[in-house]
Amino acid sequence: MNASADRAIDIGYAATAVAATLAGALGHRRLAGITKPLPIALLAVRTAVGARRRSSVDNVVLAGALAFSAAGDRAMLLEEFADDPARKDRRLQTGASLFAGAQLCLTGLMLRRGARPRPAGLFLRTTILAESAAVMARHRPRLLPVLGAYGNTLALMSATADDDRLPQPRMRTGGWLFLASDLTILNRRHLITDPTLAGLAETWVLASYFAAQWLLITGLTDAD
């Protein structure tokens with residue numbers, strides 16, 4: 001029964017993720033506002049279906065990861081469509097702070113599964129994210145402390161997801177996709193001026209983000 005429910009939810013997740021990705025890529029504010037919350041809401045339902053298989057601690061931390069992600073999605077949606085630069089900066093800081101909470105929850109769950117980040121993997125991911133830090137230092141330096149701290153939580157999560165004690169390659173792929181999605185956000189904002197390329201970049205940002213969330217959350221829950 002649970003397997004059948006999971007399959008139905010996964011189909012719904014894929015459909016709503018496609019809808020949210022297209023809405024965001026096309027810059028349709030109203031449609032994006034309706035569709036963007038749906039994939040994470042469906043992941044929350046999928047997680048709840050199997051809650052009895054997990055410990056109370058794991059359920060609480062999973063709920064935290066999903067709640068932080070849902071709130072972060074909302075903040076980033078508001079940032080995307082904000083006209084005032086100061087408001088955009090505040091929304092971006094809020095979104096980064098919320099997603100830092102989500103990354104720490106995901107990392108905590110992986111640690112409870114016995115995973116440990118390797119120093120080399122953590123260094124590689126931190127080095128890659130240094131590119132986006134350089135972009136921020138050039139264009140929005142006052143946001144660097146908050147976004148830099150978020151980048152550290154993202155690198156830690158992605159490096160921990162690389163551990164072979166977790167379901168692979170699902171977790172490893174999810175960790176890399178999350179990092180690639182967030183890396184593209186800042187580059188799209190400040191380095192891409194062509195509207196067509198910007199739309200393609202936003203398509204990648206959203207598609208890779210939703211894929212990463214599904215891979216990470218289901219990787220952690222399906223193994224229970």
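The values are calculated or read from the model by the stated rules, or taken from the named source; none is laboratory data. Quick caveat: nothing in here was measured; it's all calculated off a predicted structure. Methodologically, a virtual Cβ is constructed for each residue, glycine included, from the backbone with ideal geometry; neighbour enumeration extends over all protein chains shown.
For beta carbons closer than 8 Å, sequence separation of 6+ or different chains, a first residue in segment 25-53 that is closer than 15 Å to Leu216 by Cα and a second that is of a type in the set (D, E, K, R), the qualifying pairs are Ile40/Asp73; Arg46/Asp6; Arg46/Asp10.
Listed conditions (1) in contact (Cβ under 8 Å) with a residue 60 or more places away in the chain; (2) over 30 Å from Ser56 (Cα atoms) are all met by Arg140, apart from (1). Filtered by the rule that a residue be under 21 Å from Arg170 (Cβ atoms) and β-branched (Val, Ile, Thr), segment 196-210 gives a lone residue, Val205.
Annotation note: of Ala149, Ala159, the sole residue that is closer than 24 Å to Val57 by Cα and among the hydrophobic types (A, V, I, L, M, F, W, C) is Ala159. Would you mind stating whether Arg165 is closer than 30 Å to Leu42 by Cβ, modelled with pLDDT of 95 or more and either touching a helix residue (DSSP H, G or I) at 6+ places or on another chain (Cβ under 7 Å) or among the small types (Gly, Ala, Ser) (or both)? No.
Do you know which residues across segment 147-177 are in a loop (DSSP other than H, G, I, E, B) and free of Cβ contacts under 8 Å to residues at least 24 places away in the same chain? Asp164, Gln168, Pro169 - these are the residues of segment 147-177 that are in a loop (DSSP other than H, G, I, E, B) and free of Cβ contacts under 8 Å to residues at least 24 places away in the same chain. Within segment 31-81, the residues that satisfy the criterion of being charged (D, E, K, R) and out of contact with any helix residue (DSSP H, G or I) (no Cβ under 6 Å at 6 or more places or on another chain) are Arg52, Arg53, Arg54, Asp58, Asp73, Arg74, Glu80.
Scanning segment 151-176 for residues that are buried (at least 23 other Cβ atoms within 10 Å of the Cβ) and either farther than 15 Å from Phe123 by Cβ or within 13 Å of the chain's Cα centre (by Cα) (or both) yields Gly151, Leu154, Ala155, Met157, Ser158, Ala161, Leu166, Met171, Gly174, Gly175.
Residue by residue, here is whether (1) surrounded by 21 or more Cβ atoms within 10 Å (Cβ to Cβ); (2) touching a Pro at 6+ places or on another chain (Cβ under 8 Å); (3) without any contact (Cβ under 8 Å) to a residue 12 or more places away in the chain; (4) outside any helix (DSSP H, G or I) holds:
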position: Ala115; (1), (2), (3), (4): no, no, no, yes
position: Ala120; (1), (2), (3), (4): no, no, yes, no
position: Phe123; (1), (2), (3), (4): no, no, yes, no
position: Ala130; (1), (2), (3), (4): no, no, yes, no
position: Val135; (1), (2), (3), (4): no, no, no, no
position: Leu144; (1), (2), (3), (4): no, no, yes, no
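Consider segment 184-224 and keep the residues that are under 16 Å from the mean Cα position of the chain (by Cα) and among the β-branched types (Val, Ile, Thr). The one that is surrounded by the fewest Cβ atoms within 10 Å (Cβ to Cβ) is Thr203.
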